[in-house]
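Heads up: the structure comes next, in structure tokens.
Just so it is clear, none of the values below were taken in a lab; they were calculated from the coordinates. Treat the numbers as computed from the prediction; the structure is a model and nothing was measured. Ideal geometry is used to build each Cβ from the backbone, glycine not excepted, and the neighbour counts take in all protein chains shown.
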Amino acid sequence: MSSRGGCLAGAARAWFNHAVLLNEVEYARPESVAEALELLGANDNARALAGGQTLVNVMKQRLASPDVLVDLADLEELTPITVAEDGSLELGAMATLSDVIDSAEVRERRPILAEVASRIADVQVRNRGTVGGNVCSNDPTNHLPPLMVAAGATMTIAGQGGTRTVSAEDFFLGVYMTAVTPGELLTRVSVPAAGGTGDGFYSVTVGNEGTGIVNVAATVNGEARIAIGCVSAVPVLVTSRPDDDSVREAMRGAGLDPPSDVHGSAEYRRHLAEVLAVRAVAHARSSG
Ligand SMILES: Cc1cc2nc3c(=O)[nH]c(=O)nc-3n(C[C@H](O)[C@H](O)[C@H](O)COP(=O)(O)OP(=O)(O)OC[C@H]3O[C@@H](n4cnc5c(N)ncnc54)[C@H](O)[C@@H]3O)c2cc1C
């Protein structure tokens, strides 16, 4: 009896160990960016934790297993949305998608940011998910990467050696890979005020609030800048004259090579990209 009981207890322990949601991980909650950078620099396998909407899920699936989580929640210097001297918007990396939607400065200077943020997932995700987390995770189906590329945004990255800026075009390097290297933090995203630039964003998603099948962001200021998401590991930038025929021609010449999956074939995604690009540019033309 006792040996059987011991066996069962061992099995239960094994099951319990296997069933815990997360592997053991250290947790730190710094009070300044400098302290956060020190913590990130001290351990190669430390990861920044923003809203946790992606990171905690991938940890639960054992796709990522950081040794240390450096929670950015108390870094008030990373939350404000402000206006720079040149009139551009400075979005703190820890500004949530809901902060972007509610910001009077965003509504006044670059309303497309609020419009697109309001279409992302549901209110719970928007209340927790941050601008920094959205671009740093660089999930190819996320809304903000193509929007930032089309808008000509600039990312500020801090490390222990100082800060540097990277254009959105150079920021996205691959699936879940960006110009932020281990030990660094994205601190803010700067987006030029619209001025005379018109913006458009069209997407086709799985269901109303679901994953993107194709996302297209466009700006028009003389020429059209079209950034396409979900068709490659990083947003694809295409420039064109802003009339419908030129946009179609530019999209056909762009050599898009999208993936096929359960939500759509490569051919369907290529077709969607062209249709959505024409619509996004037409919207941008009329809103500039
Ligand atoms: C159910 C669901 C549906 C979703 N649907 C969509 C959608 O349709 N479109 C869309 O765009 N998004 C979608 N998202 C993503 C969501 O909008 C968040 O942007 C995303 O989850 C990451 O934001 P976060 O703040 O939670 O980051 P975290 O999950 O905390 O972090 C994500 C990654 O970024 C890194 N990171 C975060 N902040 C920084 C920083 N300042 N510097 C350096 N690295 C940093 C982390 O280390 C981690 O690797 C969805 C999420 C969920 C859970």
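By other beta-carbon atoms within 10 Å, ranking THR219, THR181, THR197 with the fewest at the front produces THR181, THR197, THR219.
Highest GNM mean-square fluctuation among GLY152, GLY255, GLY210, for the chain modelled with Cα contacts below 10 Å: GLY255.
Only one residue of ALA36, PRO259, LEU69 has its Cα farthest out toward the positive end of the dipole of the chain, where Lys and Arg carry +1 and Asp and Glu -1 on Cβ, and that residue is PRO259. Scalar couplings 3J(HN,Hα) for the range 219-231, obtained by applying the Karplus form with A = 6.51, B = -1.76, C = 1.60 to θ = phi - 60°, are 10, 10, 8, x, 8, 9, 10, 10, 10, 10, x, 6, 9 Hz; x denotes Gly and Pro.
For the peptides 258-265, 143-150, 221-228, 80-87, the ranking by mean Cβ contacts within 10 Å, running from highest to lowest, is 143-150, 221-228, 258-265, 80-87.
Here is the tail figure for the range 72-190: Cα pairs spaced more than 22 Å apart come to 26 percent of all pairs. Helical runs (DSSP H, four residues minimum) scored at -39500 (n - 2.57) apiece and divided by the length of the chain put the mean residue ellipticity at 222 nm at -10500 deg cm²/dmol.
Springs between Cα atoms under 10 Å define the GNM used for the chain, and in it the highest mean-square fluctuation of ALA273, ALA104, ALA217 occurs at ALA104. Listed by Cβ neighbour count within 10 Å, with the fewest neighbours leading, SER32, SER88, SER232 appear as SER32, SER232, SER88. Note on the chain: with a GNM built from Cα contacts shorter than 10 Å, the maximum mean-square fluctuation among ALA151, ALA34, ALA93 falls on ALA34.
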